[in-house]
Amino acid sequence: MTRFAGDELLPDAQLVMDRDLTLGAPPAGVWPWLEQLGKDRAGWYLPRSVERLVPPARRASRSVDERWQLQVGDRIPDWGPGDPTFELVGRVEPHHLVYWSERQRRPRRGGQRPPLRLTWALVLSPVDGARTHLHLRLRADLGRKPGPLVRYGGGAMDLATVWLMGRGLDERLR
């Protein structure tokens with residue numbers, strides 16, 4: 001497996017999900033869109049055909065906004081129980097963004113569970129003068145080997161959401 005920025009943060013991750021997208025702009029054009037990605041920010045860039053089903057207030061931005069550009073140490077809200085966040089721990093423009101998250105989990109009967117630790121790397125590489133390859137890698141330390149529901153169900157959900165985000169992002173780059 002190719003090593004990417006952020007892999008060293010969770011070297012023994014039990015779950016690794018890799019996704020690849022090709023986008024119709026050079027890395028410098030894709031970069032500002034990736035920096036503003038996320039909940040309570042520019043959103044998740046669904047394609048217009050899907051976004052029509054989302055209430056207008058919840059639709060993603062269709063322009064770059066300077067207030068959402070990132071610096072290392074910034075925390076981005078995420079979905080899930082409690083108040084989960086991703087912290088930006090690596091930023092090399094226009095090459096990669098690396099996020100870290102540690103989340104407490106509900107206890108099981110009989111005791112506490114170790115926290116869920118995650119990294120999310122977004123790595124850009126030029127394809128030619130007009131396109132970018134975007135590699136997304138999610139690594140998770142689950143404290144144990146993932147079962148089939150997590151591996152396959154979570155993998156299918158991740159594949160669908162990344163594909164939709166890629167299509168919505170590509171629309172915005174045109």
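In the range 105-174, the ratio of gyration radius to Kirkwood radius, Rg to Rh, stands at 1.12 when only Cα atoms are counted. When you restrict to C-alpha pairs under 8 Å that are six or more residues apart and normalise by the size of the range 1-150, the relative contact order lands at 33 percent.
The chymotrypsin sites (Phe, Trp or Tyr not before Pro) of the range 4-85 that meet both conditions, a loop assignment by DSSP and at most 12 other Cβ atoms within 10 Å of the site Cβ, are Trp79.
About its Cα centre, the range 17-146 has a charge dipole of approximately 880 debye under the convention of +1 per Lys or Arg Cβ and -1 per Asp or Glu Cβ, with nothing else charged. Specify the angular offset, from 0 to 90 degrees and rounded to the nearest 10, of the alpha carbon long axis of helix 154-173 from the longest principal axis of the alpha carbons in the chain. The helix 154-173 is inclined about 20 degrees to the chain.
For the range 1-109, trypsin sites (Lys or Arg not before Pro) are listed when DSSP marks them as loop and at most 12 other Cβ atoms sit within 10 Å of their Cβ; the list is Arg3, Arg52, Arg109. Positive end of the dipole of the chain (Cβ unit charges, origin at the Cα centre): among Thr85, Gln112, Leu46, the Cα lying farthest that way belongs to Gln112. Only DSSP H runs of four or more residues enter the estimate; each adds -39500 (n - 2.57), and after division by the residues of the chain the mean residue ellipticity at 222 nm equals -5500 deg cm²/dmol. Among the listed values [x] 16.5, 57; [y] 16.9, 51; [z] 15.2, 42, the one matching Rg and Dmax of the Cα atoms in Å as calculated from this structure is [x].
Summing charges over all other residues whose Cβ lies under 13 Å from the Cβ of Arg91, with Lys and Arg as +1 and Asp and Glu as -1, gives -4. Only alpha carbons enter this Debye calculation for the range 1-94, each as an equal point scatterer, and the log10 of I(q)/I(0) it gives at q = 0.10, 0.16, 0.18, 0.19 Å⁻¹ is -0.34, -0.89, -1.12, -1.22.
No lab work stands behind these numbers, since they all come straight from the coordinates. Computed from a predicted structure; not experimentally measured. All Cβ positions, glycine included, derive from the backbone under ideal geometry; neighbour counts span all protein chains shown.
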